1. Report the one residue of Ser29, Val48, Gly75 whose Cα lies farthest in the direction of the positive end of the charge dipole of segment 18-87 (charges on C-beta: Lys and Arg +1, Asp and Glu -1; origin at the Cα centre).
2. For the pair Asp55 and Met86, how long in nm is the line joining their label points, each one 7 Å along Cα→Cβ?
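Every number here is computed from the coordinates shown, using simple stated rules; none is lab data. A quick note: this is a predicted structure, and the numbers were derived from the prediction, not measured. Positions of Cβ are generated from backbone atoms using ideal geometry, with glycine treated the same way; all protein chains shown enter the neighbour counts.
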Amino acid sequence: MCKIILIILLSFVFVQSIYGQTFEVNSVSEDLREAVLKNTGTGEERVVRKGEVIDGWRVMEIAQTHVTIGGWVEGIGVIATRIPVMVQLRPSIQSP
């Protein structure tokens, strides 16, 4: 039982370091439909919506304080983590 708990805790620590080094959430829209994610490795920014995939990670939730993304990690399975929002709400992007 202790081994299982230790593995689960280590996977959360491992996941946080992966996401913490890879993505930042620069902002979210006022209507919480979009977020601006930045890949800190490449510097690329992208506007995403719930359900979209960015660099192999699916956007699962967009909230005022965080964005939840998840995916498959070999040897661990399906994982998800919350990335805190760096800058608070921005106006929604209006598509032409």
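1. Working it through, the farthest residue towards the positive pole turns out to be Gly75.
2. For the pair Asp55/Met86, the computed spacing is 1.2 nm.
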